[in-house]
Amino acid sequence: MSKDAFENLTSAVTTINTPMPASIDEGTLLACLKGEISERKWRVYVQALFDEVDVSVIHNLVIDQVVTFDQLLRAIDAWQVTESENERWVREMASFEVGRSPAEGADRPR
């Protein structure tokens, strides 16, 4: 992971942890988003990613290839994230990602 990608992930985690009595670390958050961890105690942190973290930070996580829109969409469904502007945005972006053929890059017009 690049330095910029790690700093962006750390920014997201810092925002998530600010109001919480306990903290989540970068590795645990990523594991939750990628479906590697499903302990319910982490749900509030995943929900906070979509509620509290600026959409530009989430977008940068995808641009930096930390996660994909598809992984974020699966995390939203798995963790039952609801009623969030960022959740709706991720669903929309994931639909565009799914509609792209594998030969097309993110920077190529459709």
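Quick look at the numbers
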| item | result |
| --- | --- |
| Nearest 10 degrees, 0 to 90: helix 69-78 Cα axis against the chain principal axis | 40 |
| The chain: angle of helix 3-17 to the longest principal axis, Cα-based, in degrees nearest 10 | 50 |
| Principal-axis tilt of helix 43-52 within the chain, Cα atoms, nearest 10 degrees | 60 |
| Computed magnitude of the charge dipole of the chain (debye, nearest 20; Cβ of K, R +1, Cβ of D, E -1) | 280 |
| Rounded to the nearest 10 Å², the accessible area of Trp89 at probe 1.4 Å | 60 |
| Whole-number percent relative contact order across the chain, with pairs defined as alpha carbons under 8 Å at least 6 apart | 27 |
| Trypsin sites (Lys or Arg not before Pro) restricted to the stretch 34-67 and DSSP loop, no more than 16 other C-beta within 10 Å | Lys34 |
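The values are calculated or read from the model by the stated rules, or taken from the named source; none is laboratory data. Small disclaimer: the values here were computed from a predicted structure and weren't measured. FYI the Cβ positions are ideal-geometry reconstructions off the backbone, even for glycines, and counts take in every protein chain you see. These area figures cover heavy atoms from the full protein model, side chains too; ligands, DNA and RNA do not enter into them. Shrake-Rupley method; radii C 1.70, N 1.55, O 1.52, S 1.80 Å.
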